[in-house]
1. With the full set of protein chains in place, find how many percent of the accessible area of segment 481-632 is carbon and sulfur; take the probe as 1.4 Å.
2. Ranked highest first by the average count of other Cβ atoms within 10 Å around their residues, in what order do 560-573, 397-410, 135-148 fall?
3. Need the C-alpha centroid separation for segment 375-408 versus segment 279-344, integer Å.
4. Using 1/(1 + (r/R0)^6) with R0 = 22 angstrom and r between the beta carbons of residue 281 and residue 375, what's the FRET efficiency to the nearest 0.05?
5. Would you please give the residues with an amide H less than 5 Å from that of residue 652, counting only those at least 5 places away or on a separate chain, with H modeled from the backbone geometry?
6. Hey, got a sec? Which chymotrypsin sites (Phe, Trp or Tyr not before Pro) in segment 700-768 land in a DSSP loop and have at most 12 other Cβ atoms within 10 Å?
7. Taking the 0 to 90 degree range and rounding to the nearest ten, how far is the long axis of helix 24-41 tilted relative to the main principal axis of the chain, both from C-alpha atoms?
8. What distance in nm separates the simple spin-label points at residue 597 and residue 319, each placed 7 Å from Cα in the Cβ direction?
Amino acid sequence: MLFYANDFNCISGEALACTLQGELDDVNQAVTAARKAFKCWSTLSCHVRARHLYNLARTIQKHQRLFSVIETLDNGKPIRESRDFDIPTVVRHVYHHAGWAELRDSELNGWSPLGVVGAIVPWNFPLMLLIWKVCPALAMGNTVVLKPATLTRLSSLLFAEICAEAGLPPGVLNVVTGSGELGSQLAQHPDVDKVAFTGSTEVGRVLRRVTAGSGKALSLELGGKSPFIVFDSADLDSAVEGLVDAIWFNQGQVCSAGSVLLAQESVWEILIMRLKTRMVKLHLGSGIEKSVDMGPLVDETQRKTVESMVKEAQAEGAQVYQIWEGLPSSGPYYPPTLITGLSTTSRCVMEEIFGPVLVALPFRTAKEAIALGNNTRYGLSASVWTENVSLAFEVASSLQAGTVWINAHNLFDAASGFGGVKESGYGRDGGKEGLFEFVRPTWAVRAKPMLQAEGNLEKFGSSFDKPPIPTGKNQEVSGTPSVDRSYKLYIGGVQCRPDSGYSRPVVSASDGSVLAYIPDGGRKDIRNAVESANKALSGWQKKGPHVRAQILYYLAENLEQRVDEFSRALSIQSSMPKEEAQKEVDLSVARLFHWAALCDKFGGTIQETPIHGFTLCCREPVGVIGIICPDEKPLLSFISLMGAAIARGNTTVMVPSGKNPLPALALYQVLETSDLPGGVVNIVCGEVDQLTRHLTLHSNVQSVWYFGTEEGSRFVEWGSAENLKRTWVNNGVTRDWNSATQGSGEEFLLHATQCKNVWLPGGEIFAN
């Protein structure tokens with residue numbers, strides 16, 4: 001039985017078309033078709049795939065007027081924006097990724113396509129955002145099942161027709177329309193290898209939980225609350241025009257909207273006055289009219305949401321300035337709004353409004369501006385307005401955002417990745433960095449664990465098993481006792497005992513005898529370690545890449561002086577031959593050299609965007625990374641993971657192997673003698689599941705790397721949804737840590753960094 005739903009004209013409210021309401025069977029058919037097509041599409045030559053994308057770009061250009069009109073009627077945005085921004089950006093992305101399709105095997109050697117991609121896109125940029133998902137996916141050899149937004153389906157269906165007209169093979173792109181529940185069904189489909197989502201933070205959390213432990217790759221481009229920072233050294237007239245583009249573009253229904261104006265006190269009054277004068281000149285009306293600056297919101301529900309938040313601000317005592325003149329009497333229109341007089345904790349300051357509402361706050365100093373700009377759970381974008389270039393770059397580097405524009409806002413291009421940090425998600429759309437969202441290392445195979453009931457996840461690592469009571473060691477009475485060695489935790493550069501006061505036995509793999517007792521760390525120890533890591537983070541990043549490299553070289557030098565000691569410990573605890581144990585230590589030394597060499601060779605690049613100026617891709621540290629190490633190769637795996645993280649300026653909380661922790665615990669003596677600042681590496685041992693739980697749920701940990709069981713991998717991904725921290729898990733699949741590809745490949749660097757794109761347009765001499 002077929003079910004249909006109307007697509008409405010956002011401007012007049014009239015029905016535009018009747019579209020199918022897809023069901024689970026339709027999702028199954030689409031995924032099956034995509035899987036079948038993948039076998040052929042992924043084996044085509046790079047040149048053939050590039051030709052297909054090139055033809056698609058040409059075909060879109062032939063129908064760009066039709067696309068513009070449909071976008072405006074379906075979404076409500078002004079035709080000027082859909083015609084002059086959306087569609088040209090779409091065409092640019094297809095051409096750009098036709099180039100990447102041609103170059104995949106040379107530029108991404110050692111990487112392979114994921115398989116079937118489930119793409120779920122929102123209603124604010126229906127065509128542009130689907131292109132951001134589809135183009136890199138197809139260029140890398142994947143096939144796609146697309147779920148457009150419930151409210152705006154028409155451009156997606158037209159795009160499917162255009163793909164057929166351009167000769168794209170059947171099954172390479174599939175479109176299923178329906179309710180929001182259909183998107184969840186697509187994300188949970190067992191034969192979908194990757195979910196690419198743009199939408200709200202709340203839905204992003206849901207997708208993180210329902211895909212946890214499935215082996216699927218996931219990228220999330222979520223909400224934002226972007227600061228628009230104006231210094232007294234700015235060109236104020238340019239800043240006012242920038243504000244118009246930042247907050248009233250697409251009626252403010254933009255995740256990167258500059259919805260919080262931060263203005264320096266010395267120019268606060270004049271800037272607000274000029275802004276109010278400019279707001280009066282905004283023309284509201286039907287988006288199909290060429291002279292309109294703002295059209296209606298997407299529907300009445302969205303208008304009521306915006307209105308309720310503004311009324312809440314008024315109830316708090318805020319001053320609300322609105323332009324009601326010229327507002328159409330019918331339709332979901334909302335006037336351009338400026339709110340002042342709110343506290344920094346107000347909901348309108350902290351939460352995404354997603355409408356034409358600007359909140360303004362004053363600041364005194366640059367440090368205060370940075371603090372206010374970062375005082376949000378989001379981190380999608382920001383803009384800095386000043387004629388002082390050194391100030392602009394210093395503020396840009398200090399802001400926690402995926403994109404920072406200098407003297408501009410809402411600039412986008414296919415050559416520059418776009419995406420966020422914190423609760424704005426992870427992953428990038430566009431640029432070479434965006435391609436890695438749709439590939440995996442060639443040696444890797446997607447794990448498909450047997451998923452258990454979600455209720456079990458809430459209990460993971462929550463039970464506490466008291467360590468066994470010591471039984472003593474058999475030793476002849478006449479013998480001279482050896483001096484007992486006390487292993488400790490390593491937190492903030494200091495050896496310390498666990499808060500619990502308990503110890504755990506470590507047994508020999510050969511005969512089960514007790515080799516030593518180690519500290520039994522717990523929640524408070526993790527808390528202390530995370531605090532130390534956060535305190536050390538800024539200083540470690542400021543050390544600079546050369547100093548970090550020298551410390552890693554020094555670590556390698558000091559470890560090599562103790563090769564015999566570590567080899568003997570590995571051999572005794574793991575029952576491995578001495579030759580194999582020594583090889584592991586030697587490889588560990590070499591691995592430190594490898595990461596030392598990369599301290600200053602993965603910092604970013606210049607993006608080749610069309611602007612007259614520069615677009616810089618800066619690969620910044622992720623922050624504090626919690627790392628749970630595997631049981632196999634206990635020293636080499638520990639050093640491989642630790643080295644990658646700290647080489648790129650992160651600090652770490654390390655949980656060593658549960659079965660073979662002694663080599664890692666002995667390592668802190670090497671760390672102490674190698675000039676490593678306290679807090680950069682913290683080591684907490686104990687019951688691994690319990691420590692994994694505490695790290696995953698800690699709000700001040702920015703990423704968790706987990707190499708353990710299927711169940712633990714699923715919990716890390718599920719638990720990370722709370723603050724949407726990044727994760728890297730193995731889903732219970734072991735890797736060859738001896739291999740340079742598997743033990744120190746490019747994926748380590750990608751997980752240890754996040755891209756910030758800084759745009760600096762010119763225009764002082766030659767206009768953009």
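1. After summing per-atom areas, the C and S share lands at 51 percent.
2. 135-148, 397-410, 560-573
3. Using only Cα atoms, the two centres lie 27 Å from each other.
4. It comes to 0.10.
5. Long-range HN contacts for residue 652: 625, 681, 682.
6. 766
7. Roughly 70 degrees between the two axes.
8. 6.2 nm
The values are calculated or read from the model by the stated rules, or taken from the named source; none is laboratory data. Note that the coordinates shown come from a computational prediction; the quantities given were computed from them, not determined experimentally. With ideal geometry, Cβ positions are generated from the backbone for all residues, glycine too; neighbour counts draw on all protein chains shown. Protein only, heavy atoms only, side chains kept; ligands, DNA and RNA dropped before computing areas. Shrake-Rupley method; radii C 1.70, N 1.55, O 1.52, S 1.80 Å.
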